[in-house]
Amino acid sequence: MNVEETSPGIFWLDLDSKRIIATKNLTPGLTVYGEMLVEVEGVEYRSWVPYRSKLAASILKEMAEVPLRSGDKVLYLGVASGTTCSHVSDIIGSGGHVWGVDFAPRSMRDLLHNVARHRGNISPILADARDPGSYSALVPTVDTIYADVAQPDQADIVVKNAELFLKNGGWAMMAVKSRSIDVTRPPREMYAGEVETLKRGGFHVETVLELDPYEKDHAMVTARFES
Ligand SMILES: C[S@@+](CC[C@H](N)C(=O)[O-])C[C@H]1O[C@@H](n2cnc3c(N)ncnc32)[C@H](O)[C@@H]1O
């Protein structure tokens, strides 16, 4: 089977007549959300399902650069039960670390029980991402912030967290759900508003990718912090 690494830690596998994206499984034999495990020449890969993960959808929509590298430190806002976070954990490897913030106790319990306890590079944090000061003692300076909180003030939340935790020149990836901002206005207007907030907060916005058909009325914004 042909395996191609198109960005560090992100692989394309030719499976029968289909091409799928995948990450190298940090915990061989274990799945997180029922994804397929595929072994090629002694290496186990986990398929990365774009209908379940906006980051996978962004890669399929030709995200120019995935700002994640082996050994990176990542602050993940809106980690939920860890579907996307588990692939981030695969990509950054055992030398990297993800601090995953969510305010829903049920999601945190699932993250802890099903994902974090098997992976030494994930620390779950039960907290409100609007109050980054409440977890500042737990999180160091990071290379990347990934945000998917589906809140109308998400760009403000990213800026607040960046001021405390993101290194100069670090990246933010922010999944914007236009319907969580205003159902009556066209999605592109919503994305532009979020982009403006990031710019005012010291970010240089690199790309805005619409994620249909994988996620309707969603976009992924990537931006570099230049405070
Ligand atoms: C769309 S889901 C995230 C899905 C996840 N990123 C993934 O791809 O696997 C949004 C999550 O954000 C969390 N959330 C919303 N507002 C939040 C806030 N202010 N602080 C922390 N978590 C928040 C919700 O509890 C929910 O789990």
Kindly provide the chymotrypsin sites (Phe, Trp or Tyr not before Pro) of the range 82-136 that DSSP labels as loop, not H, G, I, E or B, and whose Cβ sees at most 16 other Cβ atoms within 10 Å. 103
Over the range 3-49, what relative contact order in percent results from Cα pairs under 8 Å that are six or more residues apart? 29 percent
With just the Cα atoms defining each centre, how far is the range 29-68 from the range 177-208? Give it in Å. 26 Å
Which distance in nm do the two modelled labels at residue 141 and residue 199 give, with both placed 7 Å along the Cα-to-Cβ direction? 2.8 nm
Quick one: angle between helix 83-92 and the longest Cα principal axis of the chain, in degrees between 0 and 90, rounded to 10, please. 70 degrees
Per DSSP H run of at least 4 residues, take -39500 (n - 2.57); add these up for the chain, divide by its residues and hand me the 222 nm value, nearest 500 deg cm²/dmol. -6500 deg cm²/dmol
Shape category assigned to the range 101-142 from the gyration tensor of Cα positions, a/c cut at 1.5: oblate
For the chain, the longest principal axis of the Cα atoms and the Cα long axis of helix 187-200 enclose an angle in degrees, to the nearest 10, of 70 degrees
What's the extension gain from residue 167 to residue 131 if we count 0.36 nm per residue and subtract their Cα-Cα distance? 11.1 nm
I need the shape label for the range 55-225. Rule: rounded when a/c is under 1.5, else prolate if a/b > b/c, else oblate, with a, b, c from the alpha carbon gyration tensor. rounded
Extension gain, residue 62 back to residue 14 (0.36 nm per residue minus Cα-Cα distance, nm): 15.5 nm
Dividing the alpha-carbon radius of gyration of the range 3-49 by 2.2 N^0.38 Å, where N counts its residues, gives 1.04
For the range 1-48, which trypsin sites (Lys or Arg not before Pro) are in a loop by DSSP, counting at most 15 other Cβ atoms within 10 Å? none
Write out the GluC sites (Glu not before Pro) in the range 19-65 meeting two conditions: DSSP loop, and at most 14 other Cβ atoms within 10 Å of their Cβ. 41, 62, 65
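Taken together, the values in this text are just the output of simple stated rules run on the coordinates, not laboratory data. Since this is a predicted model, take the numbers as computed values, not measurements. Neighbour counts are summed over all protein chains in view; Cβ atoms, including those assigned to glycine, are modelled from backbone coordinates with ideal geometry.
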